[in-house]
Amino acid sequence: MQIYSFSPFGYEGALVTVEIDLRRGIPAVDIVGLADGAVKESRERMQAAIRNSGFEFPKERVLISLSPADLKKEGSGFDLPIALGVMVAQNLLNKPDDFLKDKVLIMGELELSGKIRSVRGVHAAVSTAVSCGITKCIVPVQNVQEAKEINDVKVYGADTLENAFQALKDASFYESRGVSKGVPNFIPEGSVIIDDVYFPEVFPGFEFAELEGQGKLVRVLQIAAAGGHNVIAVGAPGCGKTMAIQKFGGILPLLTIEESQSVTRIWSLAGLMKPSEPLIRIPPFRSPHQTASIEGICGGGVNCRPGEISLSHNGILFLDEAGEFRTSVLQMLRVPLETGCITLSRAGRNTVYPAQFQLLMAVNPCPCGNYGSKTKICLCSGKSIEQYWKKISAPLLDRIDLRVFVDNDSKDSFSREGLETTQRIREGVARAVRIQRERQAVKNARLTPQEMELYCKVDFESRKILDFGIQKYGFSPRAVASLLKVSRTIADIDGSDKICERHVQEAIELRKLCSDIVPEIQS
């Protein structure tokens, strides 16, 4: 029979064929096929596990071949397939039948006692195996929910080497569990449905009614949640911009099945999946520290592990105190924001991770935080303020669709119906999301130029307002495209089929808002 395992590298990974040969000679175990340290050490773990599970280890010389030979094998998930391969080669399977001629994917780390430990990348491994025609798999019982997310695969969750061996012998172990149909109807407990759009349960920390005097910021967050737009919030320390953005997850709809599959694959490769969570439906919300390195944000390492921008795929990347991040880290975000993916290259190999994240930034207007305040004095020099904003740079800011200044010195006079509570905010978001899913199947922020021609048409009066804004504020072509997308989102929130003058006017106000406070921010 053919036993396969999986070597996680980057987003794709690769199936590995495990072959065992018993030959005459001094008893020893040889592993060939570019195995790393963890795989080479499996020879000791699997020998002890086989003996401690009540089986006899072969007295011949054992050759273990992992192919393709030029692919580096990494991780501890090879323990179980190697052990079962040795037991099969020793003819411990009695009366082989047609089932034993099938291809089987096996993953798992062995303890010396024979118990099986969980491994990362099971979701990616099973989906790759199914695409290659492998329909049976043995995985650790802790990872069985990950495997069952994939359609048309028979899964057995083993907790010991003995149970895994019995499943390898008897096809009924798989059949008793049936063929997985995936989990298309999985909805997290407590989820709320509004206008045919699901939202996560409202926890106390998600309630926007707790915010006071931040109407503009709440409106910006509603538009961002509805259309997937990037946001920068500028304000003095303690004004509440961070607290408001941390509530942002409460107005984000649950991921669709298509969106959640890629997110689940990335989190599985990173080893972040929870055993009780079969599919990630809640959008990720990642908030890295200001000391994060380029590798930590974009990904990397020996086996190209995903970074923060990939872990926040189809979710949120929140940079609090963005002005304190390294300049190189901030500038690295520019290309992924545009393309929605990132290519990592290591030692002649490369992988492409999806990175369609929504960027939220909270930043002080100057190093001391008082620039633009009506009641406090800024002690920073013009040069220090200029250097402070140069860290973020105009090209990165040009990719930020919505800008808002948050002032804690006076009550925000902005008032708008529908922004009082999280429930009311969700109603506008749900309306816009439903319209977008029916119309184009992607968020407005991800519209291509061709799609914008179809869905972002403006009438003569709206075009006059847009042209006036371009002339007055010097908007770049990218900024103009952003204005049209934001206008389309505002119209969707209102339930309007066409973009009206008020939609374009509000988009311009939210694009140029910070320019009135901090001159260094340009469109």
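Per-peptide packing, taken as the mean over residues of other Cβ atoms within 10 Å, places 364-374, 479-489 in the sequence 479-489, 364-374 from highest down.
Full extension of the chain segment joining THR421 with VAL480 gains 18.1 nm, where the gain is 0.36 nm per residue of separation less the Cα-Cα distance.
Remark: spin-label model distance ASN91-ALA347 equals 4.0 nm, labels positioned 7 Å along the Cα→Cβ axis.
Normalised per residue, the accessible area of the chain is 42 Å², obtained with a 1.4 Å probe and no contribution from ligands, DNA or RNA. With contributions of -39500 (n - 2.57) from each DSSP H run of at least four residues, the per-residue ellipticity at 222 nm computed over the chain stands at -10000 deg cm²/dmol.
Based on Cα contacts under 8 Å between residues 6+ apart, the chain shows a relative contact order of 14 percent.
Checking [x] 1.02; [y] 1.15; [z] 0.97 against the coordinates, the calculated Cα Rg over 2.2 N^0.38 Å falls under label [y]. 3J(HN,Hα) along segment 428-439: x, 5, 4, 4, 5, 5, 4, 4, 5, 5, 6, 7 Hz, from the Karplus curve 6.51 cos²θ - 1.76 cosθ + 1.60 with θ = phi - 60°, whole Hz, x for Gly and Pro.
Relative to the dominant Cα principal axis of the chain, helix 79-89 is inclined by about 30°.
Of the solvent-accessible surface of the chain, computed with a 1.4 Å probe and all protein chains present, 50% belongs to carbon and sulfur. Helix 460-473 axis versus longest C-alpha principal axis of the chain: approximately 90°, rounded to the nearest ten. Available extension along the chain between GLN166 and GLU338 is 56.8 nm, counting 0.36 nm per residue and deducting the alpha carbon span. Between ILE294 and THR256, the simple spin-label model (points 7 angstrom out along Cα→Cβ) gives 3.5 nm. The angle separating the long axis of helix 122-131 from the principal Cα axis of greatest extent in the chain is about 80 degrees.
For segment 13-80, the Cβ-based charge dipole about the Cα centre amounts to some 220 debye (Lys, Arg positive; Asp, Glu negative; other atoms uncharged).
The values are calculated or read from the model by the stated rules, or taken from the named source; none is laboratory data. Since the structure is predicted, the reported quantities are computational estimates derived from the model, not experimental observations. When we count neighbours, we look across all protein chains shown, and the Cβ atoms used for this are built from the backbone with ideal geometry, even at glycine. Heavy atoms of the whole protein, side chains included, go into the accessibility calculation; ligands, DNA and RNA do not. Shrake-Rupley method; radii C 1.70, N 1.55, O 1.52, S 1.80 Å.
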